[in-house]
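Asker: Starting off with a structure, shown below.
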Amino acid sequence: MNSDAFQAPADEPADATTIRVAQFFPHRPAKVWRALTEPELLARWMMPGDFRLEVGHRYEMTTLPRPNTDFSGTVVAEVLAFEPERMLRLRWQDADGGRGGRADWTITWTLEPEGRGTRLFLVHEGFDPDDPYQVQAHRIMGGGWRSIVGERLGKVLDEL
């Protein structure tokens with residue numbers, strides 16, 4: 001697989017409010033879309049939850065808590081917008097009302113056909129660079145997204 005993580009040019013500082021990842025998959029957009037929107041497939045590469053492709057649908061996803069980022073382990077998500085096989089925009093918040101509850105992020109997936117495959121773009125926005133917990137979350141999630149998208153999602157797509 002060819003991984004192309006977005007990176008700021010050398011003369012431009014990294015954006016502390018946003019994570020950007022781009023990944024090419026040798027699979028058509030319809031297959032990649034399935035992996036982004038079918039709950040049983042989402043659970044295999046990201047987190048289990050009761051996702052439904054419907055604007056306004058709220059659902060929860062669970063994973064391990066991360067006390068060092070004040071993350072409870074439960075994400076409350078909402079489908080904000082979608083265009084089938086092109087774009088999916090979600091809102092993510094921590095279910096806990098503590099310090100990590102201030103996290104209010106937007107996750108946007110964009111699919112672009114490329115040759116016989118798909119270029120998948122992830123933009124994770126809304127980190128507060130003045131909040132030390134969110135600075136830590138940005139650092140951890142930046143590497144995590146690259147691993148999850150590049151490896152785990154790729155494996156699920158290869159198995160479909």
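Asker: Can you spot a residue in the stretch 34-47 that is part of a loop (DSSP other than H, G, I, E, B), modelled with pLDDT under 90 and open to solvent by 50 Å² or more (accessible area, probe 1.4 Å)?
Answerer: Looking for residues that are part of a loop (DSSP other than H, G, I, E, B), modelled with pLDDT under 90 and open to solvent by 50 Å² or more (accessible area, probe 1.4 Å), one finds none in the stretch 34-47, hence no.
Asker: Give the residue, chosen from 157, 111, that is buried (at least 19 other Cβ atoms within 10 Å of the Cβ), part of a strand (DSSP E or B), modelled with pLDDT of 95 or more and not polar (S, T, N, Q). Let's see the steps before the verdict.
Answerer: Details: 157 fails: part of a strand (DSSP E or B).
That would be 111, the only listed residue that is buried (at least 19 other Cβ atoms within 10 Å of the Cβ), part of a strand (DSSP E or B), modelled with pLDDT of 95 or more and not polar (S, T, N, Q).
Asker: Looking at the stretch 55-82, which of its residues are polar (S, T, N, Q), in contact (Cβ under 8 Å) with a residue 40 or more places away in the chain and open to solvent by 40 Å² or more (accessible area, probe 1.4 Å)?
Answerer: Answer for the stretch 55-82, where residues must be polar (S, T, N, Q), in contact (Cβ under 8 Å) with a residue 40 or more places away in the chain and open to solvent by 40 Å² or more (accessible area, probe 1.4 Å): just 68.
Asker: Which residues, counting only those in the stretch 114-133, are open to solvent by 10 Å² or more (accessible area, probe 1.4 Å) and part of a strand (DSSP E or B)? I'd like the intermediate steps shown before the answer.
Answerer: Step one: filter the stretch 114-133 for residues open to solvent by 10 Å² or more (accessible area, probe 1.4 Å), giving 114-116, 119, 121, 123, 125-126, 128-130, 132-133.
Across the stretch 114-133, the qualifying residues are 114, 119, 121, 123, 125.
Asker: When residue 73 is evaluated against the numbered criteria (1) farther than 23 Å from residue 142 by Cβ; (2) modelled with pLDDT under 90, which criterion, by number, is the only one it fails?
Answerer: (1)
Asker: If residue 14 meets every condition in (1) open to solvent by less than 80 Å² (accessible area, probe 1.4 Å); (2) modelled with pLDDT under 95 apart from one, which number is that one?
Answerer: For residue 14, the failing item is (1).
Asker: When you go through (1) without any contact (Cβ under 8 Å) to a residue 12 or more places away in the chain; (2) of a type outside the set (Lys, Arg); (3) open to solvent by 30 Å² or more (accessible area, probe 1.4 Å) one by one for residue 141, which number turns out not to apply?
Answerer: Of the numbered conditions (1) without any contact (Cβ under 8 Å) to a residue 12 or more places away in the chain; (2) of a type outside the set (Lys, Arg); (3) open to solvent by 30 Å² or more (accessible area, probe 1.4 Å), the odd one out for residue 141 is (1).
The values are calculated or read from the model by the stated rules, or taken from the named source; none is laboratory data. Computed from a predicted model, the values in this text were never measured in an experiment. As a convention, Cβ positions derive from the backbone with ideal geometry for all residues, glycine included, and neighbour counts pool all protein chains shown. These accessible areas exclude ligands, DNA and RNA; they are computed on the full protein's heavy atoms, side chains included. Shrake-Rupley method; radii C 1.70, N 1.55, O 1.52, S 1.80 Å.
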